[in-house]
Amino acid sequence: MPRSKKGGRSRKKKQPETAASTAPVTSEAPTAPVLPGPSDNSREDASVSTAARQEPTISQLARRRLELELLTAQQALTAMLIEEQRTLVTKPSALPPVEEKTDVIDYLAKKGYTRTEAMLRMESANQEIDGRSLPQLSEDQRPKYRQGFDLTKVWIEDNLDLYKPELRRVLWPLFVYSFLDLVSSFYPQDAKQFFETNKNLFLPEHAEDIRALEPISLPEHVQDNTVAKIYRGNKYRLILSNPAFSNLMQFLENKHKEGGSVMSAILSSYCTIITKERAADDRFSFAAMLGRARESETFPAEDEGIPGHHPGSAYTGDNPAMTGTLPRLKLGKLPPEPELEGDVRAELEEYDAKNPPPPGRNTLVQEYDQMIKKEEDEEAPSRAEIPFPPSTARDVAIEVQRVKENRDRFRIEGRTGGVGPAVSVCMFTFHNTYDRLTCLDFSDDNMLVAAGFEESYIRVWSLDGKEIKPTHAGLEDVTPPSNSKRLFGHSGPVYAVAFAPSAARTEGELAPTNARWLLSSSADKTIRLWSLDLWQCMVVYKGHDQPVWDLSWGPFGYYFVSGGHDKTARLWVTDRIRQQRIFAGHDQDVDCVCFHPNSAYVFTGSCDHTVRMWAVTTGNCVRMFTGHTGNITALACSRNGKILASADDHGSIFLWDLAPGRLLKRMRGHGKGGIWSLSWNVESNVLVSGGADGTVRVWDINPPAPEPSGSQTRAGGEGSSGTKIDTNATAASTQASASVGPGAGKKKGKENVVTPDQISAFPTKKSPVYKVKFTNMNLIIAGGAYLP
Amino acid sequence: MSVWNPDNIRDVAESVGIANLNNDVADNLARDVEYRIAQVLEEALKFMRHGRRTVLTTQDISNALRVLDVEPLYGYESTRPLRFGEASLGPGQPLFYVEDEEVDFEKLINAPLPKIPREVTFTAHWLAVEGVQPSIPQNPTSAESRNLELVSKGPNANPTLAAMSGNQNVAVKPLVKHVLSKELQLYFEKVCNAFLDESSEEYRTSAYSSLREDPGLHQLVPYFVQFISEKVTHSLKDIFVLSQVMRMTEALILNKSLYVDPYVASLVPPVLTCLIGRQLGGNADLSEQFALRDFAASLIGLIAKKYSHASHTLKPRLARSCLKNFLDPAKPFGTHYGAIIGLHAVGGPDVVRELILPNLKPYEKLLRDAIAEDGPRRPEAEKVLGALLAVLSTLHEGRAHMANGHAAIVTDELREQLNEKVGELIAAKIAEAGDVQTAHAILGH
């Protein structure tokens, strides 16, 4: 992170040595993935290196060497410490006693205490097998994890209903840490048994982690397994209300002998428990409890879980002053370049004069004013922070076309009278793919569709089935005319394709606005930029040192972001072959990436179940969202820039409010297997999703109006039926709460629960949906492959 | 205890020359092997997920091994799922292995090349139109999607939303009346009544012109479409109603401000009924019946021309249903008539040449019998003959005109060939008319 920060500074200043100073720093990146290491040292190091380059004085060089030596010494020390800890863990009783023993035996023999000597030999015999002493934990500690865990489990289920939901959350960390402790103190059988008997408790929620932890059976695995490392390396954060916490501690104290001590040791050494006043947080209210009881499975709260952090905040350290501080975000629209704005305005005026708008419609100029109007209450990034190349006639033409589309779009005003917006979905189904199609993208001008295949090639079709014509007069096509083109170049499966921003072509435009560029990323660790005029690869961007999973264009082109298996996301600009920023911090692969509509932020989703938000200017992480229980498969930021939607392969979609960094809501309905794509409408009040379960679903963002009042106004004359519904509803909810009461425990609920904010679901015929997209006119385009 | 059998470890150890492996070591190694396999699988799952698949393939495993810096296993690359054979080592000890086919090189080299797999293509259709899924063949039927959880249940669920998404299981019907304004409802009623008003011609024309020209009727389109199909189903005997709703269809299609594309699928069946229906208009005058068919044919033509770009399969489907009726001798001549002009309307001369011409010879026999018979079928058969001739005469459209000096009469030789091609009756008719160009066109000169 410090590296990228420095790059940003030098870019901003636009000094002549920019290239020289960035090059050596970035060139070492591919070989050593940047991890948040001892950051103070490396920052010092980097700054010294640039200083040295400019003016290598002897004192600085000496200082630097000293620092390097210090660093290596430190590293050696920590390595030694780790080694020592490990030996301590694996061999609880170390060597010294053996030596003492021989001394004692010698002494006894010398003095002639033969019987005592024999006794001592006998007693120490079973302690020594090939020179190593056995662990001495025979009766005292062995079964305590299991016993303690079972006791706690039973106690929680017998507890008051009021505390039950929050106390249940304690079980998962207890389970994981007990298991890891059992394994690392070398009780493979016990660990296995313990795991097998209890894992079903957590199955729907923590299926991924359970799968990752299950094969662990040796202490070395604990050191090696990424999930285990994450759990051991971080403290699990839990939120409990005050009475529940004191209740729990009291209980563990009471059961001190029967395993309570182990449990409380786990809580104190591996968990951070935040206690809250009952009244202060409405999460603990009885109403909320009842509401949650209706859901078949519970979910972790957004501030619970492994990267112990304040909700939304990206800071995971221990400094109490830093926790809970949220960096201020600039979520406003990026102001247009003044020259561009003038040109667009002139162009629109001309168009307005020629084609006056129909009555009741805005003129295009008015529309444009509305589009670029700055909201009063939000800060916007400035153009100076995010440099762009000077605009061209093409940019003007695209902007003009966008304004036109924006005015003439199908408006979605949200729910009126309880009826959702009537959206239309146009589905493109691909045939004969044999499940080898990996990704799809539609161009913004709705003329082209690109598909990436496992066989390392990309194919681009024209959407209307007509042949693809050369875009410029001078370009003669050598190949016979056809409605598709193939792009060859990658040497591994293509995992993402993306068209650069474009707009539909109209007559009399200033410059061609069609899609001209296509980006693709592949398992061969490269990103390629293809020209759609020449149908050739233009640039190969190398930097990732593992497969590149996903990429995304910035909203205005020029910038793009990629994420890959090497746990980093990288920011690129099209005219440099080296990345401009490296976003490092995720504990696992970066699975999906997307841009904020003002180009100032980047979002990444990872299979460590977190979503992070990074500032493009500094390269720092500014928000972190936890709460997903599955791998994150899709991200989309709303067009007004305020809400982020993220989807996982357990079928949940989460909405995050960016400014306060809080969870807005969780929407469920999709089957398992991944939600491959999300898209927002122009008004940012409807979200569409498509996934492996072969459905396209439309979601309402604004929470439904309170049902009783809504039904009454709507029902009007039929008031009696309205009240009837109400009584039914309350009856159902009381029933639900009653059924939870006597030890119902966590029964396995139905697989798919559809939350009420789903507007509609459209099943396809055995076709997983890979891509959904709201056009600028609010039509949904979906793409999928028919897999009979 | 591990799932991975320590015996395997011992076997491998022996194969590399370690004779007696300590039990503990074998156990430990077995556990480790199990863990490593899980690790590989975990990586492979990532590749599966990013390949947007739900089936793990051997290639995912190789990719995972590559990422973990292990040499991948060769020889297992396969795009198809592997076939496993089972052998028994003893009671309760099944052994699974990958079945390897023995391939004879000689045969493999000399065998004809395998078929090229079909090219990847795509088709487009409407998955949803204004919030409702149309029931067209590309979309699953409600029976197929029944076991999917599509709507939210429970006390908070909004029944209207569920009904909007076209789910039949929900008892609540969409609250349509709240969506349509009073004016529109009134308008709908008025127009429908006016169209079917037998007494006043003026009424009908004004309704027609209103529907044809007026903007802002989009919300009513589904209702009109439903009205049309309902009327056609229930008043097959009433030729007046039928022709009026056909006019209504025409108005809908021609109205520039309406977007009828998504409804074409439901608009086509009533028109087809009017074109190739078995009995139209009960015992109405023959000419009226055929006029209706003519009108329906032109409508079909219009639909095919206007909407074929939105649906690849529209034209072929129309042509297929016409052809099927044309080739069914059990159908009455009225149906045949409709099918012939329908085919022509859908695809013009090309379709005539490809679909009608090859079938003419056998059909001509049927026609000749009917005409010779002098029964009630005769007038109908003559109509069909007329239609056939007219359709055939379009064949020479677009062909270069004959050079001067060519005989302007049908020579005997030509006549012979025509007899061969289309049968005597039609040949005679063509010769009578002296239509040399058509004759040449038919023969493909």
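The values are calculated or read from the model by the stated rules, or taken from the named source; none is laboratory data. Since we're looking at a predicted model, the values are computed, not measured. Neighbour counts are summed over all protein chains in view; Cβ atoms, including those assigned to glycine, are modelled from backbone coordinates with ideal geometry. Heavy atoms of the whole protein, side chains included, go into the accessibility calculation; ligands, DNA and RNA do not. Shrake-Rupley method; radii C 1.70, N 1.55, O 1.52, S 1.80 Å.
Report the charge-dipole magnitude of chain B in Debye, nearest 20, computed about the Cα centre from +1 at each Lys and Arg Cβ and -1 at each Asp and Glu Cβ. All intermediate terms of the calculation are to be shown ahead of the outcome.
On the way: 45 positive and 56 negative charges, 312 e Å.
The dipole of chain B has a size of about 1500 debye.
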Largest-first ranking of A:D190, A:D566 by accessible area, probe 1.4 Å, whole protein assembly kept, is A:D190, A:D566
Relative contact order for segment B:187-374: what percent, with Cα pairs under 8 Å and sequence separation of 6 or more? 18
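As a test of the formula, what do you get for chain B when each DSSP H run with n ≥ 4 contributes -39,500 (n - 2.57) and the sum is divided by the residue count, at 222 nm and rounded to the nearest 500 deg cm²/dmol? Numbers along the way, then the final one.
Numbers: 19 runs with 247 residues, N = 445.
Mean residue ellipticity at 222 nm (helix-derived): -17500 deg cm²/dmol.
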Using only protein heavy atoms and a 1.4 Å probe, how much accessible area in total is buried between B and A, to the nearest 100 Å²? 6500
Measure up A:K354/B:K305; A:K333/A:K773; A:K374/A:K404; B:K237/B:K383; A:K153/A:K235 against 23 Å on the Cα-Cα distance and list the ones that go over. A:K354/B:K305
Segment B:1-78 - percent relative contact order, Cα under 8 Å, separation 6 or more: 23
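Classify chain B from the C-alpha gyration tensor, please: rounded if a/c falls under 1.5, else prolate or oblate depending on whether a/b exceeds b/c. Could you put the intermediate results ahead of the total?
Values: a/c = 3.47, a/b = 1.70, b/c = 2.04.
Oblate, because a/c is 1.5 or more while a/b does not exceed b/c.
Mind ordering A:250-259, A:489-498 by average Cβ neighbours within 10 Å, highest first? Before the final figure, lay out each step's value.
Details: A:250-259: 15.3, A:489-498: 22.0.
Going by the mean number of other Cβ atoms within 10 Å, highest first, we get A:489-498, A:250-259.
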Filtered trypsin sites (Lys or Arg not before Pro), segment B:246-318: DSSP coil and at most 15 other beta carbons within 10 Å: B:K256, B:R278
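Other chains near B:106-113: what is the mean number of their Cβ atoms within 10 Å of each residue's Cβ?
On the way: counts 0, 0, 0, 0, 0, 0, 0, 0.
Mean partner-chain Cβ count within 10 Å for B:106-113: 0.
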Any idea of the accessible area per residue across segment A:580-656, 1.4 Å probe, to the nearest Å²? 13
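To the nearest whole number, what is the average tally of beta carbon atoms from other chains within 10 Å of the beta carbons of peptide A:425-438?
Details: counts 7, 8, 9, 5, 7, 4, 6, 6, 4, 5, 7, 6, 4, 5.
That average works out to 6.
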Of the residues B:F227, B:T273, B:T313, the Cα lying farthest along the dipole of segment B:187-374 towards its positive end, which is defined by charges on the beta carbon of Lys, Arg, Asp and Glu, belongs to B:T313
Packing-wise, with mean Cβ within 10 Å as the measure, how do A:603-610, A:766-773 rank, highest first? A:603-610, A:766-773
Partner chain Cβ atoms within 10 Å, averaged over the residues of B:34-41 - can you pull that number for me? 4
Which value, in debye to the nearest 20, gives the size of the charge dipole of segment A:506-622 about its Cα centre, when Lys and Arg are +1 and Asp and Glu are -1 at the Cβ? 360
Compute the longest continuous run of chain B that contains no exposed chymotrypsin sites (Phe, Trp or Tyr not before Pro); treat a site as exposed when its DSSP state is not H, G, I, E or B and it has at most 13 other Cβ atoms within 10 Å. B:260-445
Taking the Cα atoms only, what angle lies between the long axis of helix B:378-393 and the longest principal axis of chain B, rounded to 10 degrees? 70
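If contacts are Cα pairs under 8 angstrom and at least 6 residues apart, what is the relative contact order of segment A:145-294 in percent? Spell out each step's value before the answer.
On the way: 142 pairs, mean separation 41.8, N = 150.
This gives 28 percent for segment A:145-294.
Quick check for me: using +1 on Lys/Arg Cβ and -1 on Asp/Glu Cβ, what's the dipole size of segment B:187-374 about its Cα centre, in debye to the nearest 20? Walk me through the numbers on the way to the answer.
On the way: 20 positive and 21 negative charges, 161 e Å.
Dipole magnitude for segment B:187-374 comes out near 780 debye.
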What residues in segment A:442-457 lose 30 Å² or more of accessible surface when the other protein chains are added to their chain alone (1.4 Å probe)? A:E454
